[in-house]
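Working notes, structure below.
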């Protein structure tokens, strides 16, 4: 497993560093030691550091939460340990773009992933329990969510954001086209794909994909991407409407 906390000074600087503030760093360890992201971490293209706010909590019991003022169920993450953790990682490795993972945040999408690649260091603060003290939000640069649902904590969201952003970093994916030629890269769902066998249970691969005519294949793929987007995710067309070429292709049944 890659050493997630190896000092960056011991190797060439990574192209993007993630700082994850989490009460459960072990949850992140498995994800970061496997898949293409694990390889990128091992190669030093991307770095990930986990900081546990419990290490900065006051008192013998290292308490990181407390009952909410005004009453109510559950416990609230306190501001002091999170603030101290943020200060410690900033002192250790420099400032970063801070993100609180919370159900009230802006929806994380491919555009947000691309925007984060312009940063050199991104901090993801994982919520837990019934939420975080409101003063934590004042320490952040933005708030993000995965969708309109609630998780037990922000670690799953942090893993999703790390993968979505890191795979856009040059050198992470084996093929330079992989990140640009897929769903949501241009406001479209990706065109359908097939592989061998050419015929299975009477279902055949579209002839154009077997033709060797790369221009015809490119036109077909663009048409199918537009068709699928129009049928299944018409909301994407609000941001990126069909252009003249796509409308022409959708009217061409050949």
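The values are calculated or read from the model by the stated rules, or taken from the named source; none is laboratory data. Please read these numbers as outputs of a predicted model, since none were measured by experiment. Here the Cβ is made from the backbone with ideal geometry for all residues, glycine too, and neighbour counts use every protein chain on show.
Residue 9 meets all of the listed conditions (1) at pLDDT below 90; (2) out of contact with any strand residue (DSSP E or B) (no Cβ under 9 Å at 6 or more places or on another chain); (3) surrounded by 13 or more Cβ atoms within 10 Å (Cβ to Cβ) but one, namely (3).
Only residues that are under 17 Å from residue 80 (Cβ atoms), free of Cβ contacts under 8 Å to residues at least 40 places away in the same chain and not in a helix (DSSP H, G or I) were counted across the range 100-144, and they come to 1.
Here is the figure for the range 120-144: residues that are over 24 Å from residue 65 (Cα atoms) and touching a helix residue (DSSP H, G or I) at 6+ places or on another chain (Cβ under 9 Å) total 2.
Every residue, every condition in (1) touching a residue at least 12 places away in the same chain (Cβ under 8 Å); (2) in the same structural domain as residue 109 (by TED's automatic domain parsing); (3) surrounded by 18 or more Cβ atoms within 10 Å (Cβ to Cβ); (4) touching a helix residue (DSSP H, G or I) at 6+ places or on another chain (Cβ under 8 Å), yes or no:
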site: 219; (1), (2), (3), (4): yes, no, no, yes
site: 227; (1), (2), (3), (4): yes, no, no, yes
site: 230; (1), (2), (3), (4): yes, no, no, yes
site: 233; (1), (2), (3), (4): yes, no, no, no
site: 238; (1), (2), (3), (4): no, no, no, no
site: 245; (1), (2), (3), (4): yes, no, no, yes
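Residue check: is residue 53 closer than 27 Å to residue 16 by Cα and at pLDDT 95 or above? Considered against the rule, which asks whether it is closer than 27 Å to residue 16 by Cα and at pLDDT 95 or above, residue 53 comes out as yes.
Apart from one condition, residue 23 fits all of (1) surrounded by fewer than 18 Cβ atoms within 10 Å (Cβ to Cβ); (2) in a loop (DSSP other than H, G, I, E, B); (3) at pLDDT 95 or above; the exception is (1).
For (1) buried (at least 18 other Cβ atoms within 10 Å of the Cβ); (2) under 16 Å from residue 24 (Cβ atoms), each residue gets a yes or a no:
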residue	(1), (2)
51	yes, yes
54	no, yes
70	no, no
75	no, yes
84	no, no
99	yes, no
107	no, no
115	no, no
118	no, no
